[in-house]
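Remarks on the structure that follows.
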Amino acid sequence: MDQRKEAAKLCGELCASAAVGKDASMILNTIFSWQIKPHLSKAVSRPEGLVDFIDDTVDSPTVYWTDEVREEIVGFISKEFAELRRHSEDFIISVQRGDPFPLPYTWHYSRIRQRFYLKTVQSRLFVGGIFVESLVNNPYFKLKTKSFTMELLAALQQRFDNYLSGQKDSKHIGEICLLIQALSNMVTNLPHMVEQLLKMDKLQLVYRFFWEDVSEMKMKSLALKLANSCAINDLAARHVAQQRLIRVVLPLLVTETNSLEEVINLILQHVRRSSAVVDQIRMMGGLVILGSMFVNPELKDTLRGLVASLIGAMTNDAMYGQDITDMMCEMFTSKFRGAFQSSASIVLKFCDRDHYDSKGRYWNRGKRELVQAFLEKHAHALAPQIKLWNGTQELFHTDQLNLIWKEESHESK
């Protein structure tokens, strides 16, 4: 231990030397990574601190030092030392033979960065002084949130731009996922972070992951989780309404069947906070998509229940609730007018039961299948149009709903 402390002290003295300090620091920082700097600076007066750091095992957002790191370092030093040892052995043999003295050993330290890269540390995503994967694994770690958030968002934006430009290797995608997870954890633990995202105009970046040119479902799923965390903020909901961002979410109900729960919950969050979003969904034909899911017997009851809750929230909207209710009754039967005021489980039971309404419409299994097929066909046609919605055009006109019941009258003739 005393020898190791002396060696640690010597490292500190070399780094502090006016003559060789710059080179010594470069060598040690290359071999041991930048993490050694604070311990080197104190090694002259407190060498045991450097020894303790080398021996310790830490996996935290600010320090990553493990057995694998030490093994990689020892492997490199052993390889470098082997060359010195071979030269020394050859030197001794030359002296014993009486051969001319060979040239002294020269260690090419100036090219050490070309020979060694501490992969176990350097390959880990490191942003703003933080190991991002370790931060994801320690979500309650205290951060200087403002400065770190700026660097985190810059790193996410840069990598996402590179992804859109074609860089889609697994390492790059993995880093994007880690950055989204880290941001999601921060927003969940510190809800006021959403306002910082808005000030930096980065909420659009979150919703950009829902475009069709993003093919990795894991990225979309993580972005959905993040968007849901942001949606509880009223300012964020207002921003989504103003920018009509719901238009990139709604088509996911048709195209991304693996994340339906997250998609429905996200839409529901905005519906509850913004009448403008309710009207946007109506204008884009979103009720056609929701209606097709609501009557789909192959969809899990939990998802159908969420859809029922979403439709119910829309029918209860203070500004557009009556219009939504009328449209749903045109789609199904007039008896649904009161049904959507009930709980999701009651609405589902009502939907699955046969009944007549005052207009003579007979709601039975055959009719449910016909309605579901009609709505599903139109839902798939609407999905690509919704993404390009200009904010003023009605993509699905209410009078088209009459075709559902007209088809029944043709069949009965």
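The values are calculated or read from the model by the stated rules, or taken from the named source; none is laboratory data. All values reported here derive from a predicted model rather than from experimental measurement. Every residue, glycine among them, receives a Cβ derived from its backbone with ideal geometry; neighbour counts consider all protein chains shown. These area figures cover heavy atoms from the full protein model, side chains too; ligands, DNA and RNA do not enter into them. Shrake-Rupley method; radii C 1.70, N 1.55, O 1.52, S 1.80 Å.
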Rounded, prolate or oblate: which fits region 133-180, taking a ≥ b ≥ c as square roots of the Cα gyration tensor eigenvalues, rounded meaning a/c under 1.5, else prolate when a/b beats b/c?
oblate
Over the chain, what relative contact order in percent results from Cα pairs under 8 Å that are six or more residues apart?
10 percent
Cα gyration tensor of the chain - equivalent ellipsoid semi-axes, whole Å, descending
67, 21, 17
For region 182-263, count the residues as N, evaluate 2.2 N^0.38 Å, and divide the Cα radius of gyration by that value, please.
1.03
Could you tell me which of Val132, Thr188, Phe160 has its Cα farthest along the dipole of region 128-207 towards the positive end, charges placed at Cβ (Lys, Arg +1; Asp, Glu -1), taken about the Cα centre?
Thr188
For region 242-297, what Kirkwood radius comes out of the mean inverse Cα-Cα distance, in Å?
11.5 Å
Given Cβ charges of +1 for Lys and Arg and -1 for Asp and Glu, the option among Val347, Val58, Ser88 whose Cα lies farthest towards the positive end of the dipole of the chain is Val347
So if I place +1 on the C-beta of Lys and Arg and -1 on the C-beta of Asp and Glu, and nothing else carries charge, what would the dipole magnitude of the chain be about its Cα centre? I want it in debye, nearest 20.
540 debye
Region 272-389, Rg to Rh (Cα coordinates; Rh as Kirkwood inverse mean 1/r):
0.94
With a 28 Å threshold on alpha-carbon distance, the violating pairs from Lys171/Lys202; Lys199/Lys387; Lys225/Lys300; Lys335/Lys387; Lys171/Lys377; Lys168/Lys377 are Lys335/Lys387; Lys171/Lys377; Lys168/Lys377
Could you tell me the largest-minus-smallest coordinate of the C-alpha atoms of region 1-117 on each of the three principal axes, in descending order and whole angstroms?
56, 31, 29
Mind checking which of Ile180, Ile112, Ile232 has the largest fluctuation in a GNM of the chain, springs on alpha carbons under 10 Å?
Ile112
If you take the Cα atoms of region 134-252, find Rg, then find the Kirkwood Rh from the mean of 1/r over all pairs, what is Rg/Rh?
0.94
From the phi angles alone, apply the Karplus equation (6.51, -1.76, 1.60; θ = phi - 60°) to region 326-343 and give each ³J(HN,Hα) in whole Hz, x where the residue is Gly or Pro.
4, 5, 5, 5, 5, 6, 10, 9, 5, 6, 6, 4, x, 5, 6, 7, 8, 5
Rounding to the nearest 20 debye, state how big the charge dipole of region 51-139 is about its Cα centre with +1 on each Lys and Arg Cβ and -1 on each Asp and Glu Cβ.
500 debye
Just to check I understand the Karplus step: with θ = phi - 60° and J = 6.51 cos²θ - 1.76 cosθ + 1.60, what whole-Hz values come out for region 360-377, glycine and proline as x?
x, 6, 9, 9, 10, 4, x, 5, 4, 5, 5, 4, 4, 5, 5, 5, 5, 4
Quick check: residue separation of Lys142 and Val58 times 0.36 nm, minus the Cα distance between them. What number comes out in nm?
28.6 nm
Take Arg4 and Asn162, extend 7 Å from each Cα along the Cα→Cβ direction, and tell me the distance between the two endpoints in nm.
3.7 nm
Residues of the chain: accessible area per residue at 1.4 Å, in Å²?
52 Å²
